[in-house]
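See structure below.
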Amino acid sequence: MSRELVARARQGDREAFGELARLYAPLVTGAVLSRVGRFQDAEDLVQETFLRALRQIAGLADPERVGAWLYGIALNVVREHRRGALAAALTMGEAAAPAEPAVDDEGLHRCLEALPEPLREIFVLRHIQNLSYKALGDLRKATVTSVGERLWKARRLLRECLERKGGTGLSASEA
Amino acid sequence: MRSDCDETGRLLSQFLDGTMPPERRPEVEAHLGRCDACRAALDAWSRIGVAAVDLLRQAIPVSPVGPEPATSTTRRLKYRRPREARRAWIPLLAAAGILVALSVLAAVLSSTPKRNFGDTARPPAPPAEPEAPEPESPAPPAPQPVRPEVPRESPPVPTPVPELPEAPKPVPAPPPPRPPEPKPEPPRKDPPRETVAALARLEQVRGNVTVHGLSARVPAKAAQTLVAGEGLVTSGRGSLAVIVFPDGTRVEAGPDTEISKIADAEGKRIVLDRGFVEANVTPQPPGRPLVLATPNAEARVLGTTLRLFAEHEMTRLEVEKGRVRLQRLSDQKSVEVLTGHFAVAATGIDLAPRAIPSRPAVVSFTLINADTEQPIAGHDPIKEGAVLNLSKLPTRNLNVRANVTPRKVGSVRFSLDGVESPKVENGTTGPVYSLAGDMNGKYNAWVPAPGAHTVTATPYPEPDAKGPPGTALSVTFRVVAK
């Protein structure tokens, strides 16, 4: 689906780009927020990330890696924000180079496999189907609170697993 | 501190899913500011999330609830990346997809018709993935998982980009291999998609209008639906957005208006942060009034036609027809405003309703920051005898806007210190009338000299100060520069 959205966005379809941004905004926001610490700043930088992405989407080499590509742009935006160079970059229309993919696919696969089934199921359905907590709860006969707990645990376990495996990109935070 | 981190971690996990309660935001933000571990966790989860979305969307084609029944077994899950073998958990996912499909189908079938407002709550989900060549190892038959439109109880996913710049240049190279374009779909006969969170629809959009969620914005389009928690911003003099609810209630957002949120809990709720809305409210169910909330007042409506103007410290309500209760939040005083009356909720102004004058009237002045086009806090409205300290104001580039009733008058003539402005404000780019005027819809800057100044504004029913003058208003203030 992302591939198709990217293809449409590259041809100027704003709606497709908007849908891509809807899909990835929470995750990109998380990436930014973890670096700047303030929601207010994060919101501005997320917007800047998507503005850049819109300008540069024609240059996206692998449409299937749109998430990692957005993540790379977000990191660049944060770096520039920290250097105070954002304004200058905006003026000059500087293009941000995508960073390397953040997490290795194979490692993530292995860690997903290792995740306890109830957690994996909730995590996967949440990410691929974008189901609400309530919908997930209805599906698994769990409370909304329980769904939130499972997602939290799933994220913690995935992170621990990826860090144990090493070389997954998780240990290499931004420069 | 471990428990602090655990609690914050739970909230950050919810944040990534768009479900963190907004009232917890300050506390989480404060914790993030001092806790490296939580920042690192958020970063890691975010990166994992990005990778997982990429990975899973490559592995599992996602289809909307399409013409094919969700329980069909004719579709197959395809693993699109030849280098990867099918993982053991993929079939499990397929099974979960069946459950999702059945669950959503059941929910849709049992939902009440009025909740299924608008077939296009979101940009339509992409068409089902076309039948790609079979992968190396055929997948077991499985139905397509169902992609519901919007999470029900969660706030909207942060939406992107407030004001998009110029359109991206068309890609000169041929696009990547694309499946055959899906044929235009005939009207669907299948169960409606899960659009329970769609509260209203944008009937009309004019000028620069964006819809926003938690962190970013997208350009608004006519026929787009709004879900709980979403809001919109209109920018520029000619901008306009018309929101229509399923019951026919119609809310028109005027230029430079920000509606931060719409919701429907104990009745419809529209949070107007600034600007102007005109609402035609159909009769609401008993006990579930439509609430129009501004930063300093709330108007409770059971069915009426009204206009509401909101700035930082002033809310003006005009009731064309019906009855509305307006409550000033600073002291909780409230007043009932009846047909043909208006009331102003602001500190220092009597809350009592007054008849809307048959002739135009200037009711107050607002000090405008010409750099940002926004009212300046503390001077909205400008109080008689106010002191404007240029060294403390956010800018020296000022303007003074006359607030008039009705919202649009023929023209307004200003005078400064007894000298009439040669130019009459006709409000041609929008019903905005200001002392220094505007250029292409942007406020001109007025840098006042220190000393006492009196601004007078006289409204007229016709352009170019023609017709019998309405009720003029003057305000005197002192400008200091230290």
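Could you tell me how many of the residues in the stretch A:136-152 are at the interface with chain B (Cβ under 9 Å from one of its Cβ atoms) and either charged (D, E, K, R) or farther than 20 Å from B:Leu12 by Cβ (or both)?
4
So is A:Arg159 assigned to a helix (DSSP H, G or I) and at the interface with chain B (Cβ under 7 Å from one of its Cβ atoms) or not?
It is true that A:Arg159 is assigned to a helix (DSSP H, G or I) and at the interface with chain B (Cβ under 7 Å from one of its Cβ atoms).
For the stretch A:102-124, give me the residue count where each residue is at pLDDT below 80 and facing chain B (nearest Cβ under 7 Å).
Residues that pass the stated criteria total 3.
Could you list, in sequence order, all residues of the stretch B:399-448 that are among the hydroxyl-bearing types (Ser, Thr, Tyr) and either closer than 18 Å to B:Arg478 by Cα or modelled with pLDDT under 90 (or both)?
Step one: of the stretch B:399-448, the residues among the hydroxyl-bearing types (Ser, Thr, Tyr) are B:405, B:411, B:415, B:421, B:428-429, B:433-434, B:443.
Answer for the stretch B:399-448, where residues must be among the hydroxyl-bearing types (Ser, Thr, Tyr) and either closer than 18 Å to B:Arg478 by Cα or modelled with pLDDT under 90 (or both): B:Thr405, B:Ser415, B:Ser421, B:Thr428, B:Thr429, B:Tyr443.
Examine the stretch B:379-388 for a residue that is farther than 20 Å from B:Ala346 by Cβ and surrounded by fewer than 19 Cβ atoms within 10 Å (Cβ to Cβ), and state whether such a residue exists.
There is no residue in the stretch B:379-388 that is farther than 20 Å from B:Ala346 by Cβ and surrounded by fewer than 19 Cβ atoms within 10 Å (Cβ to Cβ).
Please determine, by comparing only the residues of the stretch B:16-35 that are at the interface with another protein chain (Cβ under 7 Å from one of its Cβ atoms) and assigned to a helix (DSSP H, G or I), which one is nearest to A:Ser132 (Cα to Cα).
Filtering first and then ranking leaves B:Leu16.
Within the stretch B:438-468, track down each residue that is free of Cβ contacts under 8 Å to residues at least 60 places away in the same chain, of a type outside the set (S, T, N, Q) and in contact with a Phe, Trp or Tyr (Cβ under 8 Å, 6 or more places away or on another chain). Can you show your working first?
Applying the first criterion (free of Cβ contacts under 8 Å to residues at least 60 places away in the same chain) to the stretch B:438-468 yields B:439-440, B:447, B:449, B:451-454, B:456, B:462-467.
Filter once more, so that each one left must be of a type outside the set (S, T, N, Q): B:439, B:447, B:449, B:451-453, B:462-467.
Matches in the stretch B:438-468: B:Ala452, B:His453, B:Lys466, B:Gly467.
Here is a check on your reading of the model: is B:Gly287 crowded, with 17+ Cβ neighbours inside 10 Å and either over 16 Å from B:Leu351 (Cα atoms) or aromatic (Phe, Trp, Tyr) (or both)? Please lay out each step first, then the result.
Details: crowded, with 17+ Cβ neighbours inside 10 Å: no; either over 16 Å from B:Leu351 (Cα atoms) or aromatic (Phe, Trp, Tyr) (or both): yes.
Spelling it out, it is not the case that B:Gly287 is crowded, with 17+ Cβ neighbours inside 10 Å and either over 16 Å from B:Leu351 (Cα atoms) or aromatic (Phe, Trp, Tyr) (or both).
Do you know which residues across the stretch A:124-160 are farther than 18 Å from B:Ile48 by Cα and among the aromatic types (Phe, Trp, Tyr)?
Within the stretch A:124-160, A:Tyr133 is the sole residue that qualifies.
Of all residues being over 29 Å from the mean Cα position of the chain (by Cα) and assigned to a strand (DSSP E or B) in the stretch B:348-362, which is surrounded by the fewest Cβ atoms within 10 Å (Cβ to Cβ)? Just the residue, please.
Selected residue: B:Ala355.
Kindly indicate which of B:Ala228, B:Ala253 is crowded, with 19+ Cβ neighbours inside 10 Å and closer than 29 Å to B:Pro406 by Cβ. Walk me through it before giving the result.
Details: B:Ala228 fails: closer than 29 Å to B:Pro406 by Cβ.
After applying the criteria, what remains is B:Ala253.
If A:Tyr133 satisfies every condition in (1) crowded, with 24+ Cβ neighbours inside 10 Å; (2) more than 7 Å from chain B (Cβ to nearest Cβ); (3) not polar (S, T, N, Q) but one, which is the exception?
(2)
Hey, could you check the stretch B:372-381 for residues that are within 23 Å of the chain's Cα centre (by Cα) and in contact (Cβ under 8 Å) with a residue 40 or more places away in the chain and say which is nearest to B:Gly441 (Cα to Cα)?
B:Glu373
Taking A:Phe39 as the residue in question, decide whether it is at the interface with another protein chain (Cβ under 7 Å from one of its Cβ atoms), crowded, with 24+ Cβ neighbours inside 10 Å and more than 19 Å from B:Leu56 (Cα to Cα).
No.
Please determine, by comparing only the residues of the stretch B:263-273 that are buried (at least 22 other Cβ atoms within 10 Å of the Cβ) and among the hydrophobic types (A, V, I, L, M, F, W, C), which one is farthest from B:Val432 (Cα to Cα).
By that ranking, first place goes to B:Ile270.
Consider the stretch B:36-56. How many of its residues are within 9 Å of another protein chain (Cβ to nearest Cβ), touching a residue at least 24 places away in the same chain (Cβ under 8 Å) and of a type in the set (A, V, I, L, M, F, W, C)?
Counting residues in the stretch B:36-56 that are within 9 Å of another protein chain (Cβ to nearest Cβ), touching a residue at least 24 places away in the same chain (Cβ under 8 Å) and of a type in the set (A, V, I, L, M, F, W, C) gives 4.
Which members of the stretch B:285-294 meet the condition of being assigned to a loop (DSSP other than H, G, I, E, B) and closer than 14 Å to B:Leu199 by Cβ?
Of everything in the stretch B:285-294, just one residue is assigned to a loop (DSSP other than H, G, I, E, B) and closer than 14 Å to B:Leu199 by Cβ, namely B:Arg288.
For the stretch B:1-14, which residues satisfy the criterion of being more than 7 Å from chain A (Cβ to nearest Cβ), out of contact with any Lys or Arg (no Cβ under 6 Å at 6 or more places or on another chain) and under 23 Å from A:Ser132 (Cβ atoms)?
Applying the first criterion (more than 7 Å from chain A (Cβ to nearest Cβ)) to the stretch B:1-14 yields B:1-8, B:11-12.
Now drop any that are not out of contact with any Lys or Arg (no Cβ under 6 Å at 6 or more places or on another chain), which leaves B:1-8, B:12.
Passing the criteria: B:Glu7, B:Thr8, B:Leu12.
Just to be sure I understand, how many residues within the stretch A:8-36 are surrounded by fewer than 20 Cβ atoms within 10 Å (Cβ to Cβ) and either among the polar types (S, T, N, Q) or within 7 Å of chain B (Cβ to nearest Cβ) (or both)?
4
The values are calculated or read from the model by the stated rules, or taken from the named source; none is laboratory data. Model, not experiment: these values are computed from the prediction. In this analysis, Cβ positions are derived from the backbone assuming ideal geometry, glycine residues included, and neighbour counts consider all displayed protein chains.
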